[in-house]
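Report on the following structure.
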Amino acid sequence: MRNYEIETMPRSELEKLQSERLVNQVKRMYERVECFRNRMDEKGLKPEDVKGIEDLHKLPFAYKSDLRDYYPYGLFAEPLENIRRVHASSGTTGKRIVVGYTDNDLDMWANCIARMLEGVGITKNDIFQVSFGYGLFTGGFGLHAGVEKIGATVIPMSSGNTALQIQTMIDFKATAICCTPSYAMYLGEEIEKMGVKDQLSLKVGIFGAEPWSENMRREIEDKLGIKAYDIYGLSEILGPGVSCECEYQCGMHVWEDHFIPEIIDPETLEVLPHGEWGELVFTTITKEGFPLIRYRTRDICSLNYEKCKCGRTHVRMRKPSGRSDDMLIIRGVNVFPSQIEEVLLSLDGGNITPNYLIKVDRINNTDTFELDVEMSESMFTDDVKSISKVEKEITEKLRSALGLGVKVHLVNPKSIPRSEGKAKRVLDLRKL
Ligand code: DLL
């Protein structure tokens, strides 16, 4: 175990540590983060009212929309000269959400990932292919730093270019890989087609950033000849490594010396008893650059406080079973229907109605993403050339807004079924 004392700390001691850290974090944020201070004041709360984790439930929630409202740096708790790196992810509108890390935050992040890697048997003798995207997405750089911390050799491959990925893992003798589970399936299929499975040196795979099932795990393990582990995280809280599986694969340990999880009822906002399913909420108790208190992740989850067979005492979260908002994860990219609506409404001429239907499916283990967009009566034409010109324009705008390819179909006026209640914008046919 990388950090035996912390990872196996008895719950009473862990809670004492969390309490001390929470009290400091609340005080620090009250002084430095306007949004948090205002919310505390609205509730009539002062930092002195928080004496420990028993008071956590009194504190105000934080929301994804806060990151939009205070874009780009308004929620940072350190001056920019102390922010060493930023990452970003999709917001609910065209504006991305931005997060920042101090040197200590980056070190803590690498340590959280290194704990997992050590837990699943990665050592300095491993050759680790990082096939998560490098860039504003937290996956690539996040895993990279953890692998370096362990002392293994990193292949900073990034995502895409499947033929080169496979050639590299064969030639460089990669023993471990990380990427999204859907990409792992795709790699596995290509490897099968090429008949090169026996040339691989892979033993371990670490997958996350999107939901995946036990069936998918078995298929990936079979196709790549590896043991596959789940890793969870979100940009707002850290990126990958908020929680990870250990060798027993019975839930993901949340690193509770840094993050306090709660499960709430998304309607009543009450904290639910241990073991119940509800919305996952996180409080960061050590982060300096971009701390958050009671951040509503929108992931639907449950927590298991029983001690794990591995000896770690840190709570295990089950695989998230869905979301309490309308965010979709398509090929590992977070997509909100409102981002699509914003692009459609921004198109010249105003001839596109905001009536659309997003169709997502999984074919040959790859997510497909199509969009039906209704033409207005005034632009209605059956001239194929002009239709395909508009389709191309929408495709390009969406690609630049979402960073994702989408097949756009213009459809006849009033052909998308109207709903009597909430508009149904998404048809998600994926079976995990
Ligand atoms: O996906 C961070 C990450 C990178 C995690 C690499 C794991 C590996 P975001 O782009 O901000 O960050 O998306 C966060 O993705 O709220 C979940 O809905 C979903 N998600 C992440 N990991 C898992 C997982 C990264 N293992 C959002 N299982 C989260 C299910 C996951 N859903």
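The values are calculated or read from the model by the stated rules, or taken from the named source; none is laboratory data. From a predicted model like this one, the values you see are computed outputs, not experimental measurements. Because the Cβ atoms are built from the backbone with ideal geometry, glycine has one as well, and the counts that use them run over all protein chains shown. Calculation scope for accessible area: heavy atoms of the full protein, side chains included, ligands and nucleic acids excluded. Shrake-Rupley method; radii C 1.70, N 1.55, O 1.52, S 1.80 Å.
So which residues in the range 315-372 are among the charged types (D, E, K, R) and touching a helix residue (DSSP H, G or I) at 6+ places or on another chain (Cβ under 7 Å), if there are any at all?
ASP326, ARG331, ASP367
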How many of the residues making up the range 228-269 are more than 17 Å from ARG323 (Cβ to Cβ), part of a loop (DSSP other than H, G, I, E, B) and of a type in the set (Asp, Glu)?
-> 3
Consider only pairs whose beta carbons are under 7 Å apart and that are at least six residues apart or on different chains; among these, list those whose first residue lies in the range 171-197 and is among the acidic types (Asp, Glu) and whose second residue is open to solvent by 10 Å² or more (accessible area, probe 1.4 Å) and part of a loop (DSSP other than H, G, I, E, B).
-> GLU189/ASN364; GLU189/ASN365
Reported set for the range 124-177 where residues are within 23 Å of the chain's Cα centre (by Cα), under 18 Å from ILE226 (Cα atoms) and among the hydroxyl-bearing types (Ser, Thr, Tyr) is SER131
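I need the helices (runs of 4 or more DSSP H) fully contained in the range 1-84, keeping only those with at least 3 residues that are open to solvent by less than 50 Å² (accessible area, probe 1.4 Å).
By residue number, 11-32, 34-42, 64-69.
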Matching residues, the range 379-427, being surrounded by 11 or more Cβ atoms within 10 Å (Cβ to Cβ), polar (S, T, N, Q) and part of a helix (DSSP H, G or I) | SER386, SER388, THR395
Is the range 92-112 home to any residue that is of a type in the set (A, V, I, L, M, F, W, C), open to solvent by less than 10 Å² (accessible area, probe 1.4 Å), assigned by TED's automatic domain parsing to the domain that holds PHE207 and within 15 Å of ILE177 (Cα to Cα)?
-> no
Result of the Cβ filter at 8 Å on the range 261-286, keeping first residues that are closer than 19 Å to VAL242 by Cβ and partners that are open to solvent by 40 Å² or more (accessible area, probe 1.4 Å) and of a type in the set (Val, Ile, Thr), at least 6 apart or interchain, is GLU262/VAL271; ILE263/VAL271; ILE264/VAL271
Go through the range 133-170 residue by residue and tally those that are open to solvent by less than 10 Å² (accessible area, probe 1.4 Å) and within 15 Å of the ligand (Cβ to nearest atom).
-> 7
Taking the range 270-304 as the region of interest, how many residues are more than 14 Å from the ligand (Cβ to nearest atom), open to solvent by less than 60 Å² (accessible area, probe 1.4 Å), assigned to a loop (DSSP other than H, G, I, E, B) and more than 23 Å from VAL50 (Cα to Cα)?
-> 1
Any idea how many residues of the range 313-330 are open to solvent by 10 Å² or more (accessible area, probe 1.4 Å), in a loop (DSSP other than H, G, I, E, B) and of a type outside the set (Gly, Ala, Ser)?
-> 7
Note on ASP361: of the conditions (1) over 30 Å from ARG217 (Cβ atoms); (2) at pLDDT 90 or above; (3) not hydrophobic (A, V, I, L, M, F, W, C), unmet is (1)
Test for VAL196: is it at pLDDT 95 or above and more than 10 Å from the ligand (Cβ to nearest atom) = yes
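Against the definition (of a type outside the set (Ser, Thr, Tyr) and modelled with pLDDT under 95), how does GLY139 come out, yes or no?
no
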